[in-house]
Amino acid sequence: MEHAKLEHPAPEHESKAHMGIPLPNGKLAMWLFLVTEIMFFTALIGVYIIIRNGQPTVRQPWPTPHDVHLVEWIGAFNTFVLICSSLTVVLAHWSLHTKNVRRAILYIGVTLALGCVFLVVKAFEYNSKFAHEILPGRIFEKLDGPYGAKFVRHVAAQLQEIEEHHPNSKAIGQVKKLREEIGETFSGLSPKQVNERIVGPHHVKDCDKPERSFMTENDKGILEIDPDLHLSYSIPFGNMWASCYFAMTGFHALHVFGGLVVFTVILVLAWRGLFGVHHELMIELTGLYWHFVDIVWIFLFPLLYLV
Amino acid sequence: MTDLEHKEHAADHGPNFQTYIAVFIALCVGTGLSFLANLFLGQGAASFWIIMAVAVFKATLVAMIFMHLKFDWGRLYCIVIPVSVMAVMMMIVLLPDSVFYWHHLHRQQETAAESTGH
């Protein structure tokens, strides 16, 4: 339609040479902004893919979701929440287009609520990472040399805390036994043997297998008996994983927060009676941004939780 | 092009309510499919390709229908195509050095370790 228009002679008051893309300025600006955002998140995701598929090997693998306290169904739930919010924001635009302002406001309100649900779930996830010390620079990746000695001392302190504050834990017997075996001089067991006691023989990585194990196939690790205990264990490439995880999900959460601020402004406008059909382009542009945030999560969810 | 002309254009060619609901259902099914592929196939090449193909399909649906790219393509292709090419190229050009070389190096090290009995 527009191309056909441009082929006809322009009115006298317009320039004869039509410059630029035939789009509203706001929409063009939003797409140019989204283009920069695409490159930004491509860089983050690209670096993650490269690190993920670079150095890890079969003996020293990349952390699995289980290793780093990620729960797949929670990620899937958050994906569902964002998809629902994408639908509601597009329906808000559609409602405004059909002149139904009240329904548009309702859809914007639901979108805001869904965005908040996403951030609350993410906050719970972050809290779990902090509680289990799955943080950049705080994870024990190697159990050889001085790192191993530091690991044993750290675990001994955690065991003492568990004994004092969680005496009713299902694994309290194993906790006491391990603390006794480590001993006062921290030399009763090797770091790899301590790690095996914590995660269990089935979950020890090849690179962390002790030369001599005192555990049988039927024995369970302390965290297998009580996964809620705060005990450190070896996670090869854990610090790199945590850096990538917090960088990607953190920037994404900031973008979600930015969207929520805009939705709040729209609702304030509506509350003051200033919102109407003339805001259709504004809702469309906000929707473009929100859908982009959804697309980023569509890739983050499988990359972090599934593959 | 004025905002008014744009709105008239969108009214003629924009998707309708049923289309939005259909896309929403497809996105939910895609998410479920990814989750089930991971649950039943585990972490492997098969599940990887299924899950990533579903992710690309979902992203395409959102971009084309929810972001109206399908209807604005004639005006936005000059922005979208270059950035898509750049984004894919950025990852591809990094892969040979960072990934393929490391894999090659590790294979060599593991072979050497096996031959020496460590």
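Tabulated results
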{"item": "Residue that is nearest to residue A:56 (Cα to Cα) [pool: residues in region B:84-98 that are at the interface with chain A (Cβ under 9 Å from one of its Cβ atoms) and within 14 Å of the chain's Cα centre (by Cα)]", "result": "B:91"}
{"item": "Test: residue in region A:80-96 that is in contact (Cβ under 8 Å) with a residue 24 or more places away in the chain, under 15 Å from the mean Cα position of the chain (by Cα) and buried (at least 17 other Cβ atoms within 10 Å of the Cβ)", "result": "yes"}
{"item": "Residue A:170 being part of a helix (DSSP H, G or I), basic (Lys, Arg) and either closer than 30 Å to residue A:76 by Cβ or in contact with a Cys (Cβ under 7 Å, 6 or more places away or on another chain) (or both)", "result": "no"}
{"item": "Residue identified as at pLDDT below 95 and under 19 Å from the mean Cα position of the chain (by Cα) among B:18, B:43", "result": "B:43"}
{"item": "Cross-chain or 6+ apart pairs with Cβ under 9 Å, region B:30-46 first and under 16 Å from residue A:83 (Cβ atoms), then open to solvent by 30 Å² or more (accessible area, probe 1.4 Å) and β-branched (Val, Ile, Thr)", "result": "B:33/B:50; B:34/B:50"}
{"item": "Number of the exception - residue A:107 against (1) facing chain B (nearest Cβ under 8 Å); (2) open to solvent by 40 Å² or more (accessible area, probe 1.4 Å)", "result": "(1)"}
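The values are calculated or read from the model by the stated rules, or taken from the named source; none is laboratory data. This structure is a prediction, so every number in the text was calculated from the model and none was measured. Every residue, glycine as well, gets a Cβ built from its backbone with ideal geometry; the counts of neighbours run over all protein chains shown. Side chains included, ligands, DNA and RNA excluded: accessible areas come from the protein's heavy atoms. Shrake-Rupley method; radii C 1.70, N 1.55, O 1.52, S 1.80 Å.
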